[in-house]
Amino acid sequence: MTGSALTATRKRPSTPARRALGLEWIHHRDRILLYALLAVAIAVIAAVTDIRLGWIAILLAAWMPATLAEDGTDDGRLQRSALGISRADAVRARTLMVCVSQLVLALGAAAVILLAQWPPEERHWASVDGRPFSFSAPTAMGLMDHLVDIGLWSGALLWAHALVGGSAFRVGERVGKLRAMATFLGVCLVATVLFGVSVAVASAAHGLPVLDDADALSGTGLLLEARLGQILTLLVTLGGGALALVLAHRRWVRRA
């Protein structure tokens, strides 16, 4: 960091936590602003065309713990020492910066899903088919389907951050982007299996067929069971991911 950047960080008396956050902002503001512009751009593209690029924002969000990790040199430690920033405060600031960056990209991806035109036959990875009769034409997905999809991949991002983000704070260890992406996709796979198991268990508990033929998708009873499966999957994926990240963050701070 240049002397002018250090001077800018020291302009006002502040707590070490604020100085740590300011240092992170100075390091990563250009990238975060670029992500914000990208999020807006893909949302606008989805709103005016049939092109949906939300997957790009989700991919970048999954990489974020690796993207914002230090470069392995001593510069970061020297800068923190010069500003009186403890390693624990640095960990808090870095985690917050990663979460903010992921939120910016997630909002862009969510806007793509909500603003895009979805043909009736398209479904998200954990959607349910609300056809009243098996021979009727499929109906387009509703807001509930979109919100479930957003909640599930957002939860997968939280789980991935909790599972791999700690490596960014270990001396001599880096978070690989491929490892972060593999973890994210692995959590998505687990969530998909969990959704199927939840629907099957809920259906069996109420004496409904367990997705054994096409007619099983037709009844309103199964639709209710599928919604229950979505709720249970969201609780584990989104709620569990948030809790896992909070607990992981506390562990990172203690070990700092």
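The values are calculated or read from the model by the stated rules, or taken from the named source; none is laboratory data. Remember, predicted model here, so these are calculated numbers, not experimental data. Protein only, heavy atoms only, side chains kept; ligands, DNA and RNA dropped before computing areas. Shrake-Rupley method; radii C 1.70, N 1.55, O 1.52, S 1.80 Å.
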Under Karplus coefficients 6.51, -1.76 and 1.60, residue-wise ³J(HN,Hα) of segment 152-165 in Hz, glycine/proline x: 6, 6, 5, x, 5, 4, 5, 4, 4, 4, 5, 7, 10, x
Heavy atoms of Thr67: accessible area, 1.4 Å probe, square angstrom to 10: 20
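If I stretch the segment between Met144 and Arg31 completely, what's the gain in nm (0.36 nm per residue apart, minus their alpha carbon distance), one decimal? Before the final figure, lay out each step's value.
Details: separation 113, 0.36 × 113 = 40.68 nm, distance 3.27 nm.
So the chain would gain 37.4 nm between Met144 and Arg31.
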Heavy atoms of Leu235: accessible area, 1.4 Å probe, square angstrom to 10: 110
